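To keep things clear, I will list the structure first and then write my remarks on it.
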Amino acid sequence: MPSRTPTLTTVALISAIAAALLALQWKYSSQSSQTCVSTESVPQHHGYFEYECSGKPHQSSWGSWWHPQRTWSGTNAGRLSGQSAGAVTKDWNILYHLGGNGPWVEKVHTVVEGGIAVPGGCEVEQVHMMSRHAERYPTPRAAKRMAKLIDRIKHSGIAFAGDLAFVNDWELFWSDDTQIAELTTTGPFSGSLGSFTTGVRLRTRYNNLLSKAYSLYPKVNFWASDSPRVIDTARYFASGFFGLDWLNTTNLHIISESFELGANTLTPGDTCLKYVEDEVEGHDKGYKMMEAYRSTYITAIRTRLLHQNPSMEFTDDEVYAMQEMCGFEITVRGSSHWCDVFTRDEFLGFEYARDLLHYYRAGPGTKYGAGMGWLWLNATKNLMVEGPKAGPLFFSFVHDGDIAPMITALDIINDAEHLPITHIPHARKWRKSQVSPMGGRIIFELLSCNVNNNHGQYVRININDGITAVPGCDNGPGGSCPLVTFVKKVERKGVEVGGFREMCGLEGDSEESITFLKQ
């Protein structure tokens, strides 16, 4: 019988491996701690783990991937480059200022204290999620803007200096145009990884509801709008939540984005005719308001870059494209030199420009926003009223332009006055980066609670792992809203916005509500 006693060679090998791992961990930890140059010690997050920089969201850092290549000077200990907006400190994280063009982050602004744990005396009976697709490459419009800029730079014959010195050796972060608008698949913030990870996290959180769903139905239904990146997000999520055999245990329903569906859609912005055609209050309003504001902060950037490189003057669109590339390159490569071209204040300007775009395009700034968003909100309210017999799990995957209307109809982060285009209101509630970043998700939990010998049902809203109270209705456990009050609130909003068909100028026989959202 072979001896179970380890040989000296084996012991030596194990000891060497352990020493190497400890050395690697010490090296990474020391680098990370040196990168956090701020003396600010107030933590910004309350989540699953502690990080060397308290402002980090819950993804793996690039340094922990044990990869020999690093694409960003900001990862080098103690080294700051350019204007340094990309540096990670305890009071600054660029991921919170990318206006939805970057990786998923937690909501930390105006959240209920106590975290995401289920309140004492309560259990979750039903979960409803509306999720944006995960991290992706830029869409054709933005990609064209970026590619045109880089082509101009590369063919200029200029050896760039100052903040743009890195572009002399920099290459665009996609090489195949078939990647445009699709999920990213590389780096620590890849869309495929993020979708799968979200599935695993929510399975951990709602595993008991999954077991219940399997006991009630031969297959569990979930939904995605008919866009490749949205469908892929749903599929990767399903692998993490339902398991690798999800095709055998679930039905993924693809909901067309075509105009003919009327109100029976996940993408009302594509079916509301007046919204598409209205040049003043419709879809294009957001772009006009964003461009009007953009000039208030971009002029100074253009002046600085021209001073550093007098042979080339950039347009507002080109400077904006540079800021866009910061977030998009991060989702592909894990980090980006473009972030450090700008100051923190300049990225606050970019963030607000993106806020304005979505506020006035599909949010409270357009008269169509709440009416479009009420459709999914009302269908979800009906399922809550029906209760556990309707089923425990409802997952819908869409675009950010579909989340903005629903949030608007909920009145949960609407500001008292419309956002100005002359300056940044720093106390605003509407923050695109925290509500619908890539992979952004809004989860409604139907809670059954026994508190002080009183039983009741409550609705709790989780926006990107930040519990957010419904204004005027947060007197339930953990800042939740009593179901009966929530129902009345949604019904009042329905009266206020009116019928979808009339608002959108649709034919009399077009659908007026969502009917597919059921198990």
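Can you pull a Stokes-Einstein diffusion coefficient for segment 94-504 at 20 °C (1.002 mPa s), Rh from Kirkwood over Cα pairs, as a whole number of µm²/s?
This corresponds to a translational diffusion coefficient of 96 µm²/s.
Mind checking which aspartates and glutamates have their C-alpha under 17 Å from K144, skipping anything on the same chain fewer than 8 residues away?
Within the straight-line limit of under 17 Å, K144 reaches these aspartates and glutamates: E171, D176, D177, E182, D316, D317, E318, E324, E329.
By a straight-distance test (C-alpha under 18 Å), which lysines pair with K432 as possible cross-link partners, with residues fewer than eight away in the same chain excluded?
By straight Cα distance, K432 reaches K56, K107, K285, K288.
Can you give me the distance in nm between label points at E279 and A147, each placed 7 Å from the Cα along the Cα-to-Cβ direction?
For E279 paired with A147, the spin-label model returns 3.0 nm.
Which pairs, out of K90/K429; K274/K489; K90/K148; K219/K518; K381/K518, put more than 24 Å between their alpha-carbon atoms?
K274/K489; K90/K148
Cα centroid distance between segment 414-466 and segment 485-503, in Å?
19
If you average the alpha carbon positions of segment 240-257 and of segment 275-291, how far apart do those two centres end up, in angstrom?
35
Let me know the charge dipole size of segment 94-504 about its Cα centre in debye, to the nearest 20, where only the beta-carbon of Lys, Arg (+1) and Asp, Glu (-1) is charged.
With only Lys, Arg, Asp and Glu charged at Cβ, the dipole is about 800 debye.
For segment 94-504, report the accessible area per residue in Å² (1.4 Å probe, heavy atoms, rounded to an integer).
With the other protein chains kept in place, segment 94-504 gives 37 Å² per residue.
With a bin width of 10 angstrom, please list the P(r) values of segment 313-423 as percents of all Cα-Cα pairs, from the 0 bin to the one holding the largest distance.
12, 31, 28, 20, 8, 1, 0
First compute the accessible area of segment 94-504 with a 1.4 Å probe, then give the percent of it belonging to carbon and sulfur atoms.
51
If only Cα atoms are counted, what is the Rg of segment 479-519, and what is its Dmax, in Å?
Using the Cα atoms of segment 479-519, the pair Rg, Dmax is 13.7, 42 Å.
Could you please report the charge total around G472, scoring K, R as +1 and D, E as -1 over all other residues with beta-carbon less than 11 angstrom from its beta-carbon?
Net of charged neighbours comes to -1.
Note down the nm distance, to one decimal, between modelled labels 7 Å out along Cα→Cβ at T110 and at I158.
Result: 4.2 nm between the two label points.
log₁₀ I(q)/I(0) of segment 367-470 at q = 0.17, 0.20 Å⁻¹, via Debye over equal Cα point scatterers, no solvent, to two decimals?
-0.89, -1.15
The values are calculated or read from the model by the stated rules, or taken from the named source; none is laboratory data. As the structure is a prediction and not an experimental result, all values here were calculated from the model. Virtual Cβ from ideal backbone geometry, glycine too; neighbours counted across all protein chains shown. Ligands, DNA and RNA are stripped out before the accessible areas are found, and what is left, the full protein with its side chains, is counted by its heavy atoms. Shrake-Rupley method; radii C 1.70, N 1.55, O 1.52, S 1.80 Å.
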